[in-house]
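Nothing in this text is a laboratory measurement; each read-out follows from the coordinates by a stated rule. Just so it is clear, the structure is predicted and the values come from calculations on it, not from any experiment. Cβ placement follows ideal geometry from the backbone for every residue including glycine, while neighbour counts extend to all protein chains displayed.
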Amino acid sequence: MAGAVQQMMREVMDIRQASEYLGISGDTLYRYASEGFIPAFRLGNRWRFKRSLLDAWMVRMSSAKAQSTFSVMPREKKPAGRAR
C-alpha cells in the first residue's frame, strides 16, 4: 500500500516539478494549464500534472508537428489606449 502511494506521489507533480520536467517556466506552464493546452487538473486551488499524461501529450504533439504544419497562434494583444 505504501509503495502505491509513493508511486502516485512521483507520478503527480506540482507546477514547479512539472515545469522543471518540461523545461519551461512556471508562468508558461500555468498559462498552458489555464488555457487547456496541456493536460492538467486542479486539486483544490493548485494545478497538478500526471507524468504519464505529460509524456503522452509530448509524443502526440511531436508527432502532430512532424505530420503536418502545426502552429500555435499568439495571444491577441490588448488594443492600445488612445493618444491624448
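Quick one: net charge of Pro39's neighbours, Cβ under 15 Å, K/R +1, D/E -1?
Working: positive: Arg31, Arg42, Arg48, Lys50, Arg51, Arg60; negative: Glu11, Asp14, Glu35, Asp55.
Local net charge: +2.
So what's the net charge close to Val12: Lys and Arg +1, Asp and Glu -1, counting the other residues with Cβ under 14 Å from its Cβ? Mind dumping the intermediate values first?
On the way: positive: Arg10, Arg16, Arg42, Arg46, Arg48, Lys50, Arg51; negative: Glu11, Asp14, Asp55.
Combined, the nearby Lys, Arg, Asp and Glu give +4.
Can you compute the charge dipole magnitude of region 2-62 about its Cα centre, using +1 on each Lys and Arg Cβ and -1 on each Asp and Glu Cβ, nothing else charged? Give it in debye, rounded to the nearest 20.
140
Taking the Cβ of Leu53 as the centre, find all other residues whose Cβ is under 12 Å away and add up their charges (Lys, Arg: +1; Asp, Glu: -1).
Net local charge, Leu53 excluded: +2.
Work from the charge dipole of region 2-62 (Cβ charges, +1 for Lys and Arg, -1 for Asp and Glu, about the Cα centre) and give the residue of Trp47, Ser62, Ile24 farthest towards its positive end.
Trp47
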